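Below is one structure, written out as structure tokens, with a few remarks after it.
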Amino acid sequence: MKRLLSGIKPSGALTLGNYIGAIMRFVELQKQLTDTEFYLFVADLHAITTEQNPQELRKRTKEIAAMYLAAGLDKDKTILFIQSEIKEHAELGYLLQCHTYMGELERMTQYKDKATKQQSGLTSALFTYPALMAADIILYDADYVPVGDDQKQHIELTRDIATRFNNRFGDFFKVPEPIIPKVGARIMDLQNPEKKMSKSEASDKGYIALLDDEQTIIKKIRSAVTDSIGVIQYDPFNQPGVANLLNIYAALTDKAIEAIVEMYKGLGYKEFKEDLAHIVSTRIKSLQDNYYQIINSPELDAILDAGRAKAQSYAYRKVEKCKQKLGLGRKK
Ligand code: TYM
């Protein structure tokens, strides 16, 4: 049996980018990979690398757990849990920091981006974050890690850390493979299509939140930045706004980009945006219908308890063995 693992950080509202680049893929992969266990979690320890309001953090943590299920993940085939409820994530995170080089962390583009945007108050945990992420993955010997494009570098580092450990202490951690979607791996901001769509943005016009209402979604798509060329074609360099909308369209309809371009030949941006607004809002509406049922049901806690129990027993044994390898504590 193979194991797939991925996580989402509750640091802001979940966006259409998270849905297309990650959540929606998990559901598709679950249908395809029938011999694979799914470990999915809410990365709350990652969220606190930047300042969070405790009440909001707790609320969002639960929201993400509910959203995984609302998107269609099968609760009987998914080990769903909250990262901070398994102490071994932090413990292995530290052990792996001892096998991660400063130079490697300094090269992480996500850290560099944040460091340029925010000059002061950067925490040391934000810097060492990729070692914790590596721990999340290799703690469970995951074979596959589906993520959007922005996390690819972190998975590459995870592979390097695991390989380094194995070379020194013998084959111990599984070296994971990333799975990056072909379409929709990087959904861009609707107002600034040169930038990734992100829940951490201050302005909410550039992203669609999965809990936005229908009218808001329609308005945001209508006002998405395009260009003055006026032709619907896939040219990310000269028409990044239209290319982004085409990516969203393709990801949500399973149509090839060329087929969509063909459908809108001779038509203007207005018609295209109206259709896309309908596609996005219909999909999000059905997601929300499921979501509101789940978030208010006691079953969610039961699923998270079961997920914790299962993840916990694997994590405990793995970290104990790892500590033995490193020579920590007394010999057992
Ligand atoms: P996070 O919470 O930023 O994002 C969760 C997932 O959503 C994807 N994603 C996107 N995909 C396409 N377009 C976008 N605009 C977009 N924005 C986000 C991300 O690539 C990701 O797959 N460090 C991780 C969370 C994490 C994790 C892990 C993931 C912690 N431990 C272990 C995998 C395995 C993060 O901050 O993702």
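The values are calculated or read from the model by the stated rules, or taken from the named source; none is laboratory data. Keep in mind it's a predicted model, so treat the numbers as computed, not measured. A quick note on method: Cβ atoms are made from the backbone with ideal geometry, for glycine too, and the neighbour counts reach across all protein chains shown. Heavy atoms of the whole protein, side chains included, go into the accessibility calculation; ligands, DNA and RNA do not. Shrake-Rupley method; radii C 1.70, N 1.55, O 1.52, S 1.80 Å.
Checking each residue in segment 143-195 for being at negative phi and among the small types (Gly, Ala, Ser) picks out GLY148, ALA162, ALA185.
For GLN153, the conditions (1) among the polar types (S, T, N, Q); (2) within 14 Å of the chain's Cα centre (by Cα); (3) farther than 16 Å from MET102 by Cα are fulfilled apart from (3). Screening MET197 with (1) in contact with a Ser or Thr (Cβ under 7 Å, 6 or more places away or on another chain); (2) more than 11 Å from the ligand (Cβ to nearest atom); (3) touching a residue at least 60 places away in the same chain (Cβ under 8 Å) gives one miss only, at (2).
A quick yes/no check of all residues on (1) touching a Lys or Arg at 6+ places or on another chain (Cβ under 7 Å); (2) more than 11 Å from the ligand (Cβ to nearest atom); (3) open to solvent by 60 Å² or more (accessible area, probe 1.4 Å); (4) at pLDDT 95 or above:
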position: ALA71; (1), (2), (3), (4): no, yes, no, yes
position: LYS75; (1), (2), (3), (4): no, yes, yes, yes
position: ILE79; (1), (2), (3), (4): yes, yes, no, yes
position: ILE86; (1), (2), (3), (4): yes, yes, no, yes
position: GLU104; (1), (2), (3), (4): no, yes, no, yes
position: ALA142; (1), (2), (3), (4): yes, no, no, yes
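Would you check if there is a residue in segment 112-126 being more than 16 Å from the ligand (Cβ to nearest atom), in contact (Cβ under 8 Å) with a residue 12 or more places away in the chain and buried (at least 16 other Cβ atoms within 10 Å of the Cβ)? Within segment 112-126 (the criterion being more than 16 Å from the ligand (Cβ to nearest atom), in contact (Cβ under 8 Å) with a residue 12 or more places away in the chain and buried (at least 16 other Cβ atoms within 10 Å of the Cβ)), the answer is no, since none of the residues qualifies. When LYS323, LYS285 are checked against the criterion of being over 14 Å from ILE64 (Cα atoms), part of a helix (DSSP H, G or I) and open to solvent by 80 Å² or more (accessible area, probe 1.4 Å), a single residue qualifies: LYS285. Screening the candidates ILE217, ILE221 for the property of being closer than 27 Å to PHE237 by Cβ, more than 10 Å from the ligand (Cβ to nearest atom), open to solvent by less than 20 Å² (accessible area, probe 1.4 Å) and outside the structural domain of MET108 (by TED's automatic domain parsing) yields one hit, ILE221.
Residues in segment 118-138 that are in a loop (DSSP other than H, G, I, E, B) and under 18 Å from the mean Cα position of the chain (by Cα): there are none.
Where residues in segment 167-194 are within 30 Å of LYS325 (Cβ to Cβ) and part of a loop (DSSP other than H, G, I, E, B), which of them is nearest to the ligand (Cβ to nearest atom)?
Once the filter is applied, the top-ranked residue is PRO176.
Condition check ((1) among the β-branched types (Val, Ile, Thr); (2) within 13 Å of the ligand (Cβ to nearest atom)) across all residues:
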| site | (1), (2) |
| --- | --- |
| LEU5 | no, yes |
| GLU28 | no, no |
| LYS31 | no, no |
| ASP44 | no, yes |
| THR49 | yes, yes |
| LYS62 | no, no |
| ALA65 | no, no |
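Just one of (1) modelled with pLDDT of 95 or more; (2) within 16 Å of the ligand (Cβ to nearest atom) trips up SER203, so point out which. Status for SER203: all satisfied but (1). Take the conditions (1) within 11 Å of the ligand (Cβ to nearest atom); (2) under 18 Å from the mean Cα position of the chain (by Cα); GLY93 misses just one of them, which is (2).
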